[in-house]
Amino acid sequence: MIDLTNRIALVTGASRGIGRAIVEALAKQGASVVAASRGDNAVPTVEAVRASGGRAEALSLDVTDPAAIERAVQEVVAKHGRIDVVVSNAGITRDGLLLRMKRDDWDAVLATNLTATFTLCQAALKPMIKQRGGRFVAISSVVGQSGNAGQANYAASKAGLIGFCKSVAREVASRGITVNVVAPGLIETDMTRALTDDSRGDWASKIPLGRLGSPADVAHAVCFLASDEASYITGHVLAVNGGMYT
């Protein structure tokens, strides 16, 4: 049984969808969760956690601001004395065929999805090394493994997360820190709810399990990687995609 009692966790992109589900799941397993998002967007997530008896607090954070990330990690450690679990979930899309893709759309996606993870991981590793322990989990995507037309920037950022985490995992394993990746497939979020019934059916037909995943499916995988049960797993990519890519 997963038990995260007294663990201090920080989750970015925590306002909705997968990020919100991760916050709720970590809190349900006993963790005290700092839910980070732009402005006060994570407040409803925190309120839902507290209403169910969990412990959470909201943090305003722009992940593309390196100084803000550094301050956020320092604030968490100053308040709680440690930081045990960090989940880099914040991400954006700016889809378009490569020949038509604007440089700004490339830069924005790489800055939010990949460079911000570098900054967050670098900041979090400092206290984790002193603690001689910690869990870092990055949320990638099946697109980072398979590629997808019209998403060269997004796929590059998500593939970059995999290479990044595999490399860092080797650097910090001796300090008791694990670094892993969760790669979701097609998940029920605001984006997929905009699909037509025909499009949803077409996508579902490509998934061996026959359905889209839920944010909770991804959150359960994160909880496992954050737990003691996963203490011998690092540099791993855990696919949560219903079998659509293996």
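Observations on the structure shown:
- Index of the failed condition, residue 45 passing every other in (1) over 28 Å from residue 212 (Cα atoms); (2) crowded, with 23+ Cβ neighbours inside 10 Å: (1)
- Filtering 36, 9, 27, 56 for residues that are hydrophobic (A, V, I, L, M, F, W, C), in contact with a strand residue (DSSP E or B) (Cβ under 6 Å, 6 or more places away or on another chain), farther than 23 Å from residue 113 by Cα and not in a helix (DSSP H, G or I) leaves a single hit, 56.
- Consider the range 217-246 and keep the residues that are surrounded by fewer than 16 Cβ atoms within 10 Å (Cβ to Cβ) and small (Gly, Ala, Ser). The one that is nearest to residue 87 (Cα to Cα) is 231.
- Checked against the criterion of being among the acidic types (Asp, Glu), farther than 30 Å from residue 148 by Cα and in contact (Cβ under 8 Å) with a residue 24 or more places away in the chain, the range 71-80 has no qualifying residue.
- Lone unmet requirement of (1) surrounded by 22 or more Cβ atoms within 10 Å (Cβ to Cβ); (2) without any contact (Cβ under 8 Å) to a residue 60 or more places away in the chain; (3) touching a helix residue (DSSP H, G or I) at 6+ places or on another chain (Cβ under 6 Å) for residue 175: (1)
- Taking the conditions (1) surrounded by 24 or more Cβ atoms within 10 Å (Cβ to Cβ); (2) closer than 18 Å to residue 138 by Cβ; (3) over 15 Å from the mean Cα position of the chain (by Cα) in turn, residue 18 satisfies each one other than (3).
- Checking residue 158 against (1) buried (at least 19 other Cβ atoms within 10 Å of the Cβ); (2) more than 18 Å from the chain's Cα centre (by Cα), the condition it does not meet: (2)
- The range 109-124 residues that are at pLDDT 95 or above, paired with ones that are part of a helix (DSSP H, G or I) and of a type in the set (Asp, Glu) (beta carbon under 9 Å, 6 or more apart): 119/70; 122/70; 123/70
- Filtered by the rule that a residue be part of a loop (DSSP other than H, G, I, E, B), modelled with pLDDT of 95 or more and on the phi < 0 side of the Ramachandran plot, the range 211-243 gives 214, 227, 231, 232, 233, 234, 236, 241.
- With a requirement of 2 or more residues that are of a type in the set (Gly, Ala, Ser), under 15 Å from residue 236 (Cα atoms) and in contact with a Gly (Cβ under 8 Å, 6 or more places away or on another chain), the helices (runs of 4 or more DSSP H) lying completely within the range 79-187 that satisfy it span 152-172.
- The range 39-53, subset within 18 Å of the chain's Cα centre (by Cα) and not hydrophobic (A, V, I, L, M, F, W, C), residue nearest to residue 115 (Cα to Cα): 41
- For the range 117-136, filtered to residues that are farther than 16 Å from residue 76 by Cβ and surrounded by 14 or more Cβ atoms within 10 Å (Cβ to Cβ), the residue that is nearest to the chain's Cα centre (by Cα) is 117.
The values are calculated or read from the model by the stated rules, or taken from the named source; none is laboratory data. What you see is a predicted model, and the numbers here were worked out from it, not measured in a lab. Heads up, the Cβs are rebuilt from the backbone with ideal geometry, glycines too, and the neighbour counts pull from every protein chain shown.
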